[in-house]
Amino acid sequence: MPSKQQITDSPKGWVAKHIQDYVKTDGKKGHKWNGHLTLLLTTRGRKSGVLRRTALIYGMDGENYLLVASNGGSETPPNWYLNLLENPKVELQVGAEKFSAKAKVASAKEKTRLWKIMSKIFPTYDKYQAKAEREIPLIILKRTSH
């Protein structure tokens, strides 16, 4: 995913502001958000081909990064999740560090263990899962370059 291509940030005002602060300060402002660590995820739009960036709370499992595709417990998954299903090659920024990663959806067995990590970081995920009529996916991101 070439980083020289223009990136479109989330259209949600507060998320766009968070991303702008994160990028301008190399993560000094924005890596920690409301007491939670966040990263910037860039995916390729499955319909448009446009690079799209959003900020998300993350967890760690060894060297792998974890994300929850909750969309606030909505019945529809977030667009970033649909994009990475189509193209699992993504770009991450964690603090000042930028790198490529490959995404995969956790299996049911993996999710059982990894969900505990994420719900400890952000307990609201349990509430989102309880209200959603869909199984909320958990994503594992494995670094592909340093």
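What follows is calculated from the coordinates using simple rules that are stated; it is not laboratory data. What you see is a predicted model, and the numbers here were worked out from it, not measured in a lab. Glycine gets a Cβ as well: all are built from the backbone with ideal geometry, and neighbour counts include every protein chain shown.
Using only Cα atoms and rounding to the nearest 10 degrees, what angle (0 to 90) does helix 108-121 make with the longest principal axis of the chain? In the chain, helix 108-121 runs at an angle near 70 degrees to the longest axis.
Mind putting a number on the dipole of the chain about its Cα centre? Charges go on the C-beta only, +1 for Lys and Arg and -1 for Asp and Glu, and I need it in Debye to the nearest 20.
The dipole magnitude comes to about 160 debye.
Once the C-beta distance of residue 105 and residue 130 is scaled by a Förster radius of 22 Å, the resulting FRET efficiency is 0.60 to the nearest 0.05. Qualifying trypsin sites (Lys or Arg not before Pro) in region 8-73, where qualification requires a DSSP coil assignment and no more than 12 other C-beta atoms within 10 Å, comprise 12, 28, 47. When only Cα pairs under 8 Å and 6 or more residues apart are kept, what is the percent relative contact order across the chain? About 26 percent, as a whole number. With the helix formula -39500 (n - 2.57) applied to DSSP H stretches of n ≥ 4, the chain reaches a computed 222 nm mean residue ellipticity of -8500 deg cm²/dmol. Computed from the Cα positions only, the extents of region 7-143 along the three principal axes stand at 37, 34, 29 Å, in decreasing order.
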